[in-house]
Amino acid sequence: MSKLVIVGTVAFDAIETPFGKTDKILGGAATFIGLAASQFNVDAAIVSVVGGDFPKEYLDLLANKNLDISGVEIVKEGKTFFWSGKYHNDMNTRDTLATELNVLADFNPIVPEDYKKADVVMLGNLHPLVQMSVLEQMNKKPKMVILDTMNFWMDCALDELKAVINKVDVITINDEEARQLTGEYSLVVAAQKIHKMGPKYVVIKKGEHGALLFHNENVFFAPALPLKEVFDPTGAGDTFAGGFAGYLAKTEDYSFENMKTAVIYGSTLASFCVEKFGTERMEQLQDREVYQRLNQFKQLTKFEIILE
Ligand code: AMP
């Protein structure tokens, strides 16, 4: 069974959407990535940090999804990373209201011994120095390293971010962030510039408008499933990344062709994530629901055309 290392925040989130508001609930990039990756038959471990205020039931929830949490440090006297955001009426854009790094501010990640030879490393959103430290701890070159990040780190740690981007095979990034990183409006030109920074594969996420996968001159596009209800988009990007990484780790095929299917899995899982607040929908997700939705995806994008 393939091993997958996931690094990222395990957090408290407070979210406001046009449909409602939450107090502090379970969130964090690694949480969403882990829940998505747990849909696949892979041996996945989370490397992160939380404070003494983090409820045991949240850690149990991750462990019960067969995620190894021995690399989640608990700083008893510290406070857990906190993020708060408010979505605009279009549900595609949001304002960050608060980012409190707390225990993340001086976090030294430790990759559990058993995972230092993992096949796939998913560097989820957090400080690029932490992402780099995880990579440096790997005893064997992973078959695939995937990185996700956000504008926050471009604003406050751009050089460190560029250094880690240079070391990865795949980057997943949203459209606005790709534009910010490269200064290019065209996503095709932005992807070309990102290729030059290191990653051979570039995935640009466009929220409800789907995702693009670039590899040299090849481009693949997957729409997002049109949904009746979008309740809370928080974590959709991480869920996409977790599905993408989990599928690649499970199939052990890192070709562009197989990455297309990984994009479809990522998009499918993300379509569930947005249906409820926080992690609620991903916690309950059943295999048959995923199967049905993959079928819907197939129908959505299938067409016949006769070209003379
Ligand atoms: P997404 O909606 O996919 O961008 O992911 C939102 C999740 O990322 C939330 O659960 C937050 O806790 C987490 N998050 C927000 N800001 C940051 C940040 N600067 N670094 C790491 N994780 C973050």
Inspect all residues belonging to segment 172-179 and state whether any of them is more than 21 Å from Glu257 (Cα to Cα), touching a residue at least 60 places away in the same chain (Cβ under 8 Å) and surrounded by fewer than 20 Cβ atoms within 10 Å (Cβ to Cβ).
-> no
State yes or no: is Asn92 part of a loop (DSSP other than H, G, I, E, B) and modelled with pLDDT of 95 or more?
-> no
Looking at (1) more than 15 Å from the ligand (Cβ to nearest atom); (2) in a loop (DSSP other than H, G, I, E, B); (3) surrounded by fewer than 21 Cβ atoms within 10 Å (Cβ to Cβ), find the lone condition where Ala63 falls short.
-> (2)
Looking at this structure, is Thr279 under 28 Å from Phe19 (Cα atoms), among the polar types (S, T, N, Q) and surrounded by 13 or more Cβ atoms within 10 Å (Cβ to Cβ)?
-> yes
Filter segment 1-34 for residues that are more than 11 Å from the ligand (Cβ to nearest atom) and not in a strand (DSSP E or B); which is surrounded by the fewest Cβ atoms within 10 Å (Cβ to Cβ)?
-> Asp23
Of the conditions (1) away from the ligand (no atom under 12 Å from the Cβ); (2) of a type outside the set (D, E, K, R); (3) in contact with a Gly (Cβ under 8 Å, 6 or more places away or on another chain), Asn92 fails just one. Which one is it?
-> (1)
Of everything in segment 71-89 that's buried (at least 16 other Cβ atoms within 10 Å of the Cβ) and not in a strand (DSSP E or B), which residue is nearest to the ligand (Cβ to nearest atom)?
-> Phe81
Residues being in a helix (DSSP H, G or I), away from the ligand (no atom under 16 Å from the Cβ) and either of a type in the set (S, T, N, Q) or surrounded by 24 or more Cβ atoms within 10 Å (Cβ to Cβ) (or both): count how many of those fall in segment 231-258.
-> 5
From the list Ile74, Ile46, which one is free of Cβ contacts under 8 Å to residues at least 60 places away in the same chain, within 18 Å of the chain's Cα centre (by Cα) and on the phi < 0 side of the Ramachandran plot?
-> Ile46
Consider Phe277 carefully, then state whether it is assigned to a helix (DSSP H, G or I) and in contact (Cβ under 8 Å) with a residue 24 or more places away in the chain.
-> no
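Go through segment 139-210 and tell me which helices (runs of 4 or more DSSP H), entirely inside it, have 1 or more residues that are closer than 26 Å to Glu113 by Cα.
Correct list: 158-165.
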Positions within segment 105-122 being under 20 Å from Val170 (Cα atoms) and surrounded by fewer than 23 Cβ atoms within 10 Å (Cβ to Cβ), in sequence order | Lys116, Lys117, Asp119
Checked Phe244, Phe221, Phe214 against criteria (among the hydrophobic types (A, V, I, L, M, F, W, C) and without any contact (Cβ under 8 Å) to a residue 12 or more places away in the chain); the one match is Phe221
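The values are calculated or read from the model by the stated rules, or taken from the named source; none is laboratory data. The structure displayed is predicted, hence computed values, not measured ones. A quick note on method: Cβ atoms are made from the backbone with ideal geometry, for glycine too, and the neighbour counts reach across all protein chains shown.
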